[in-house]
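The values are calculated or read from the model by the stated rules, or taken from the named source; none is laboratory data. Predicted model, so just to flag it, every value in this text is computed and none were measured. Heads up, the Cβs are rebuilt from the backbone with ideal geometry, glycines too, and the neighbour counts pull from every protein chain shown.
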Amino acid sequence: MYSYKRVKGNRYIMLEDGDPINNHLGNPFPALTEERALQFMVELKIIQYNEFIPPEDRLRTSFTYCVLSTMMEASGRTFPLTVDDEIQWDRAFRLNPGPPLLLLEQRVINQAKVGLQSPWVNLDLNYCSTPEEMRENGTAFVPANIIAELNGILSSFLPVERFMVMLLSRYMVFGITLPVLWVADRIDDTCLADGYWVFGRYAGPRKFKREKDLLLYRLSFLKKLQIAYRNGEKGLPV
């Protein structure tokens with residue numbers, strides 16, 4: 001069971017079965033504000049009661065845990081990040097050529113098209129392994145103006161926000177554009193969750209509903225943590 005306990009001042013430590021929670025390197029988690037500790041506990045309880053997540057995977061299923069755990073060890077890292085190469089395989093600009101997936105993908109991408117100021121493009125699927133191979137095979141590249149816009153957004157982020165993009169893009173596996181736009185508040189939780197299903201993990205409706213509900217919870221908690229960092233909340237590791 002997950003809980004939290006007041007230690008001193010208005011700070012609280014997180015507990016799992018009565019013992020303090022440690023990060024991925026075994027170091028004790030920082031004492032958090034009561035609001036943040038409560039948020040973290042609720043997220044962990046939601047994950048705990050999901051029968052498809054084994055006990056050993058519960059903590060790392062929490063985006064909040066992943067962010068706080070990493071930032072504890074960041075030691076002032078800025079998490080430099082660009083979209084230059086990764087975007088060339090981004091499914092947001094390479095939709096399936098035909099139904100039924102094309103229709104589903106178009107619905108997901110509609111909000112992202114509004115979130116981008118640059119004109120959106122739909123290129124052929126990229127089966128190459130490197131940019132060099134793309135040139136050899138005449139595979140179209142994502143236009144430079146889109147890359148410049150997304151890199152400009154990334155440059156305005158806090159280090160922790162760039163790490164959130166890295167975390168989400170590795171989790172989503174289909175691309176980096178939607179994670180960037182989500183952190184920038186240009187698309188909502190549902191758009192990102194639908195993108196995960198349509199582009200990266202296509203499954204039947206029942207499985208999609210189950211996974212989407214949990215993902216939406218996790219994204220909502222991650223967004224609250226992002227806002228806390230933006231507001232300079234004390235006690236958060238940086």
(message) If I filter the stretch 77-127 down to residues being over 20 Å from residue 145 (Cβ atoms) and of a type in the set (Val, Ile, Thr), which single residue comes out as surrounded by the most Cβ atoms within 10 Å (Cβ to Cβ)?
(response) 108
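Filtering the stretch 119-154 down to residues that are of a type in the set (Gly, Ala, Ser) and in a loop (DSSP other than H, G, I, E, B), which residue is nearest to residue 181 (Cα to Cα)? Break it down into steps so the answer makes sense when it comes.
Residues of the stretch 119-154 that are of a type in the set (Gly, Ala, Ser), as a first pass: 129, 138, 140, 144, 148, 152.
Subset that is in a loop (DSSP other than H, G, I, E, B): 129, 138, 140.
On the way: 129: 25, 138: 29, 140: 23 Å.
Among those residues, the one meeting the criterion is 140.
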(message) Anything in the stretch 1-50 that is within 24 Å of the chain's Cα centre (by Cα), polar (S, T, N, Q) and farther than 11 Å from residue 235 by Cβ? List them, or say none.
(response) 22, 23, 27, 39, 48, 50
(request) Look at residue 156 and say whether it is hydroxyl-bearing (Ser, Thr, Tyr) and either modelled with pLDDT under 95 or under 17 Å from residue 187 (Cβ atoms) (or both). (result) yes
(request) Would you mind finding the one in 49, 65 that is more than 20 Å from residue 161 (Cα to Cα), of a type in the set (Ser, Thr, Tyr) and either assigned by TED's automatic domain parsing to the domain that holds residue 13 or in contact (Cβ under 8 Å) with a residue 40 or more places away in the chain (or both)? (result) 49
(request) Name every residue in the stretch 23-37 that is among the charged types (D, E, K, R) and crowded, with 17+ Cβ neighbours inside 10 Å, in order of residue number. (result) 36
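Rundown of residues vs (1) under 27 Å from residue 128 (Cα atoms); (2) in contact (Cβ under 8 Å) with a residue 60 or more places away in the chain; (3) aromatic (Phe, Trp, Tyr), yes/no style:
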{"residue": "165", "(1), (2), (3)": "yes, yes, no"}
{"residue": "173", "(1), (2), (3)": "yes, no, no"}
{"residue": "178", "(1), (2), (3)": "yes, yes, no"}
{"residue": "184", "(1), (2), (3)": "no, yes, no"}
{"residue": "193", "(1), (2), (3)": "yes, no, no"}
{"residue": "199", "(1), (2), (3)": "yes, yes, yes"}
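Table: residues versus (1) hydrophobic (A, V, I, L, M, F, W, C); (2) assigned to a helix (DSSP H, G or I); (3) out of contact with any strand residue (DSSP E or B) (no Cβ under 9 Å at 6 or more places or on another chain); (4) at pLDDT 95 or above.
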site: 8; (1), (2), (3), (4): no, no, yes, no
site: 37; (1), (2), (3), (4): yes, yes, no, yes
site: 52; (1), (2), (3), (4): yes, no, yes, no
site: 56; (1), (2), (3), (4): no, yes, yes, no
site: 64; (1), (2), (3), (4): no, yes, yes, yes
site: 70; (1), (2), (3), (4): no, yes, yes, yes
site: 74; (1), (2), (3), (4): yes, no, yes, no
site: 84; (1), (2), (3), (4): no, no, yes, yes
site: 96; (1), (2), (3), (4): no, no, yes, no
